[in-house]
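The values are calculated or read from the model by the stated rules, or taken from the named source; none is laboratory data. These numbers were taken from a predicted model, which means no experiment stands behind them. No Cβ is skipped: glycine too gets one built from the backbone with ideal geometry, and neighbour counts run over all protein chains shown. Each accessible area value is taken on the protein alone, full model and side chains, heavy atoms only, with ligands, DNA and RNA left out. Shrake-Rupley method; radii C 1.70, N 1.55, O 1.52, S 1.80 Å.
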Amino acid sequence: MFVWNPKRVSPRWNLLLFSFFLVEPLTVWSDCSPSPCAPVRTADTSYGRLPLRFEPNLGQFDKHVRYVSRAAGYTLFLAEDEAVMVLRRPSAPSPMLLPQRPDAPLEETQEVVRMKLVGARPAAGWQESEKQAGVSNYFLGNDPTKWRTGVPGYGRVEARGIYPGVDWVWYGNQGKLEYDLAVAPGADASQVRFAWEGATSPRLNG
């Protein structure tokens, strides 16, 4: 049972509860006596369990963007020959904390890191797989022609032939963002080269 009392909840929490209810049902007990209260799921915990989602650009972003993926701490934009990651570090302790006013943005610092595939050609085609439940809706401004509704999400996308015989594959692995460069038999892997912008000291780990 979902207990809702708008007179006792501030507008800020109205928005938070509404956003969380779209993720999964929330159960709230108004009175826990005589038995102890069961643990209540928090929005942070549920958000962290969601699989990575890649959304195609249907006009809600710049025309150069092909797919967008979001997670706690960053937003990824995939273009034809580069991946742009906007890293953010909220000043508040919780990433789900909302401002008191709708027009008050969160205070945060952002850094942009670009990973460009040098010498890559436009992909022969993009392929989506592992379609996820649910859709996203974008209501941009007051012009309905700019609104985009029913945007699907996928767990895996790949750019075919980004180099001759090489595909660029993006997916989530246990909540972490990963990519592969799939080299076909006989293809030359040495043609793959990276250029970084915004990263001060990129390195390979173990």
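So which of A123, A187, A104 is over 16 Å from L78 (Cβ atoms), modelled with pLDDT under 90 and open to solvent by less than 40 Å² (accessible area, probe 1.4 Å)?
None of the other options fit; the residue is A104.
If you take the residues of the range 75-96 that are touching a strand residue (DSSP E or B) at 6+ places or on another chain (Cβ under 7 Å) and modelled with pLDDT under 80, which of them is farthest from L181 (Cα to Cα)?
The qualifying residue farthest from L181 (Cα to Cα) is S91.
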